[in-house]
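Worksheet for the structure shown next.
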Amino acid sequence: LDIVRGLECGADNYVTKPYEPGHLLGRIRHVLDTKALRRRARAQLGVEVSFLGRKFDITSEKEQILDLLISTFEDVVRTNEQLRASRAELAKAHAQLEAYARQMAAQARVSSEKYWTLMQHASDAIFVLDQAGRILEGNPRAADLVGARLDRLLGRSFADFVLPDEVEYVRVQFAKLPVARRFEAADIHLRHADGHLVCTDLVASLVPGDPQPLVLAIVRDVTQRNQLERQVVEQEKL
């Protein structure tokens, strides 16, 4: 439609935006160079054409029509070349993005494997809790410490395994974590499933999580160590 309107208005040439200055100057030189030739042939065309339901009166010279059509073709070719270049750049960017995604996935897989290895082989019990103290995850040593299957621990409160006389102290320390970020407690007694008490040292830290921070609690069984210390004290007394 723009081409037909251009012919109707007597246009000699056209360029599409955005355009390069060099390309525009080349079109202008071409128009000026052909002006002299057109003055020698004054044959006019009076043609009525119908395009997209509308009628247009075209009185342009044959050479003018030809120049406009040629310039249209050249502009289409240039636009197609730019489009192909843009598609090539897009394909390159897509390939780079896919390579980055594969790299990130590989790093995440390595991190996950390291985390799993750490959890499985740690000599201390590891509990991952939400800020309310509910157990979200644990390692095999955590299950052994309280004498329960690991899947039976999930969703339970960590305080359920703490000696009743010490529950309030543990809850207060957990409540301070959003500000303190970390706390350590010695001689916290946990109840084993068979009824005996396990004396532990507890270190809890607030760590980043999605969407909320998590509590990482590392619990060490010091029952045997304490017994040995008491035996040493008794021997020194004797």
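The values are calculated or read from the model by the stated rules, or taken from the named source; none is laboratory data. Because the structure is predicted, anything quoted here is derived from the model rather than measured. Cβ sites come from the backbone with ideal geometry, for glycine too, and all protein chains shown count toward neighbours. Surface areas here come from the heavy atoms of the whole protein model, side chains and all, with no ligands, DNA or RNA. Shrake-Rupley method; radii C 1.70, N 1.55, O 1.52, S 1.80 Å.
Brief remarks follow.
- Net charge, ARG191 excluded, C-beta distance under 12 Å - Lys, Arg +1, Asp, Glu -1: -4
- Cut-off under 5 Å, modelled amide H: who pairs with GLY138 long-range: VAL128
- FRET efficiency for the LEU83 to LEU118 pair, using the beta carbon distance and R₀ = 45 Å, is estimated at 0.30.
- Near-label residues of segment 114-137 by backbone N, under 14 Å of a point 7 Å along Cα→Cβ of ASP160: 130, 133-137
- Phi-based couplings in Hz for segment 197-211 (Karplus 6.51, -1.76, 1.60; Gly and Pro marked x): 9, 10, 7, 9, 9, 10, 10, 10, 9, 8, 10, x, x, 10, x
- In sequence order, calculated HN-Hα J values of segment 117-131 (Karplus, 6.51, -1.76, 1.60; Hz; x Gly/Pro): 4, 4, 5, 6, 10, 5, 7, 9, 6, 10, 10, 10, 10, 7, 6
- The order of ASP75, ASP130, ASP144 by accessible area, most exposed first and with a 1.4 Å probe, is ASP144, ASP130, ASP75.
- Cα→Cβ-extended label distance, 7 Å offset, between ASP130 and HIS30, nm: 7.0
- The residues packed around ASP201, meaning those with a beta-carbon under 11 Å from its beta-carbon, carry a net charge of -2 if Lys and Arg are +1 and Asp and Glu are -1.
- Summing Cβ point charges (Lys, Arg +1; Asp, Glu -1) relative to the Cα centre of segment 126-214 gives a dipole of roughly 200 debye.
- Calculated FRET efficiency for the pair ARG149/VAL233, C-beta based, R₀ 35 Å, to 0.05: 0.40
- The string of couplings for segment 17-23 from the Karplus curve (6.51, -1.76, 1.60, θ = phi - 60°) is 8, x, 10, 8, x, x, 5 Hz, one whole number per residue in order, with x for Gly and Pro.
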